[in-house]
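Right, one structure below, let's go through it.
The values are calculated or read from the model by the stated rules, or taken from the named source; none is laboratory data. The model shown is predicted, which means the values in this text are computed figures rather than measured ones. Here Cβ is always computed from backbone atoms with ideal geometry, including for glycine, and neighbour counts include all displayed protein chains. Keep in mind that these areas ignore ligands, DNA and RNA; they rest on the heavy atoms of the full protein, side chains included. Shrake-Rupley method; radii C 1.70, N 1.55, O 1.52, S 1.80 Å.
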Amino acid sequence: MTLPAGPLMTPHYAGLTALDQRARDIFRSVVETYLETGEPVGSRTVSRGGVHLSPASIRNTMQDLTLAGLLAAPHTSAGRIPTHAGLRLFVDGLLEIGDIGSEERREIDARLIGRGKGFEEALSEASALLSGLAGGAGIVASPVRDAGVKHVEFVALGSGQALAVLVADDGTVENRLMPLAAGVTPSTLQEASNFLNARLKGRRLSEARQEMGTELTAARQELDTAAARLVEEGLAAWSGGPDRQRSLIVRGRANLLQDAGASEDLERVRVLFDDLEQKEQLIGLLDGVDAAQGVRIFIGAETRLFSLSGSAVVAAPYMTGRQRVLGAIGVIGPARLNYARIIPLVDYTARVLGRILDGQET
């Protein structure tokens, strides 16, 4: 599996090539042992783990890796742990990623492709599924619903209000209350409705809105002032508001407490719990995987959101068969995630979820 590079995932191969084979072997051993145990790794552990050098030689190399910013010595421990920069280097250049196991594949298929699962239920199930299989918390950002426009209409309600109605190709309906200027006649409402229907029908609203500004400027001569204002206010109303807010589904918060023994670990989890309440920022982070054609990884201070908790996110977009991104799904937890196991789990779950939401057969 290839992990795509991006603004927050730039390969550190220049740093990797600067390490000789001895340094690479020792660095790999330290990181892999730390990811498995969560404990600082000493030179004797590295020596017993298959690096056939004396503990003194290993200590010297570990010191060099520490000076290079790839390892750190927590407190007074003689052992070392990888820094976030070290984890990034390991993930980008040394991590060996296998494929998802057949048993896990069957479980994902069975739980996500159940008969009668609704849209929201499938998203929730995917989040809970990842949390259970991968540990950590499973997170899903719901899709941006942006189907083509089927029909628009302005309806007078009296008391200086109108209802702006938009019917989408997928059957969803958006109703927005908007103020109605005094003296606006039914013919003005119809004129604004006809103008928008002629230009929006069959087009995605997000795409059409980018072009409507120029079209509206040119059409002001054929629209009266009241109708032009209705068109502008209608477009603005349909572009946002409570009904178009996206949901963020988080499952498995309790998993984050399982390995939190020391007081500093508990404080990190407390901060992470606070981070998980930042819905808009989390959705924004997941939206950052839209351009990726695979899994993206964010570690610690690479994201402003997790700079204090030092957490990591493994995420992937789920998309239609035509490669239109619907949303994103992932796992969040401490930087000491089992990346080799979690990456293929997230990748496969995202692909299955995309097929389900796209209405394709699996």
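So the values come out like this:
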{"item": "Residues that are over 15 Å from Arg253 (Cα atoms) and buried (at least 16 other Cβ atoms within 10 Å of the Cβ), drawn from the range 302-320", "result": "Glu302, Thr303, Leu305, Phe306, Gly310, Val314, Ala315, Ala316, Pro317, Tyr318, Met319"}
{"item": "Residue in the range 75-86 that is open to solvent by 30 Å² or more (accessible area, probe 1.4 Å), more than 19 Å from Ile299 (Cα to Cα) and outside any loop (DSSP other than H, G, I, E, B) present", "result": "no"}
{"item": "Candidate set from the range 145-157 (those that are in a loop (DSSP other than H, G, I, E, B) and open to solvent by less than 70 Å² (accessible area, probe 1.4 Å)); member that is modelled with the highest pLDDT", "result": "Ala147"}
{"item": "Neighbours by Cβ (under 7 Å, 6+ apart or cross-chain): first from the range 87-114, open to solvent by 10 Å² or more (accessible area, probe 1.4 Å); second of a type in the set (D, E, K, R)", "result": "Leu94/Arg28; Arg111/Glu125"}
{"item": "Unique residue being part of a helix (DSSP H, G or I), at pLDDT 80 or above and within 30 Å of Arg324 (Cα to Cα) when the list is Ala228, Ala208, Ala198", "result": "Ala198"}
